[in-house]
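All remarks here apply to the structure that follows.
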């Protein structure tokens, strides 16, 4: 998701999507969003519904020194049924979800403000459904997860890393076409057999 708003006369808003589990949505949770090197703590209230939008009024004053709101679109997932979706992974869950995965894993390192990253998102979502059960698809927000980004020396985004048995098997840099990603996935699957 990206920046919204147009003229300089009206305050702008910036939209982010946060994914939480059904349990977190029911009980409430705290999440952090990083923007321009500043971190904001987001309170997800108990009883939050799927795609409910939380508005942080005048939050751009803190992050961008400008007028405007940050809008948080809360995506509620049931991890038991989300096997064909792109899973959000963070520094705390990276090892378990990526390195210890029994399936090959595609990891998209991205940021909400990155236009080429937003262009790749629908491609990885479509491929996640196509390769469900054979390849795991994950994404890591580089602003919120500096440890994973540093560990894999992510210096430009989007960067897609392809893991097999906990090791990097391939890398795609920049906004690559769907066919290139698919070709690398096919190679990953062939080499596994």
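Each reported figure results from applying straightforward, stated rules to the coordinates on display, with no laboratory input. Computed from a predicted model, the values in this text were never measured in an experiment. Counting neighbours? That spans all protein chains shown, and the Cβs are built from the backbone with ideal geometry, glycine included.
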For this session: At 0.36 nm per residue, minus the direct Cα-Cα distance, what do residue 53 and residue 113 gain on full extension? Give it in nm, one decimal, please.
Result: 19.8 nm
Problem set entry | Rounded to 10°, Cα long-axis angle of helix 178-192 versus longest principal axis of the chain | 40 degrees
Exercise. Helix 115-130 versus the longest principal axis of the chain: what angle, 0 to 90°, nearest 10, using Cα atoms?
Worked result: 50 degrees
For this session: State the volume of the convex hull built on the alpha-carbon positions of the chain, expressed per residue in Å³ and rounded to an integer.
Result: 118 Å³
Problem set entry | Theoretical gain in end-to-end length, residue 156 to residue 32 [0.36 nm per residue, Cα-Cα removed] | 42.4 nm
Problem set entry | Nearest-0.05 FRET efficiency for residue 39 and residue 17, computed from C-beta distance (R0 22 Å) | 0.80
For this session: Could you calculate the contour length gain from residue 93 to residue 147, that is, 0.36 nm times the residue separation minus the distance between their Cα atoms, to one decimal place in nm?
Result: 18.3 nm
For this session: Over the range 3-77, consider all pairs of different Cα atoms and compute the Kirkwood hydrodynamic radius from their mean reciprocal separation; express it in Å, one decimal.
Result: 12.8 Å
Problem set entry | Residue order, fewest to most surrounding Cβ atoms within 10 angstrom, among 43, 182 | 43, 182
Problem set entry | log10 of Debye I(q)/I(0), alpha-carbon scatterers only, for the range 87-192 at 0.15, 0.18, 0.24 Å⁻¹ | -0.54, -0.80, -1.51
Problem set entry | Mean separation of Cα contacts under 8 Å, 6 or more apart, over the residue count of the chain: relative contact order % | 19 percent
Exercise. Per the helix-only calculation at 222 nm, which mean residue ellipticity applies to the chain, given -39500 (n - 2.57) for every DSSP H run of n ≥ 4 and division by its residues, nearest 500 deg cm²/dmol?
Worked result: -7000 deg cm²/dmol
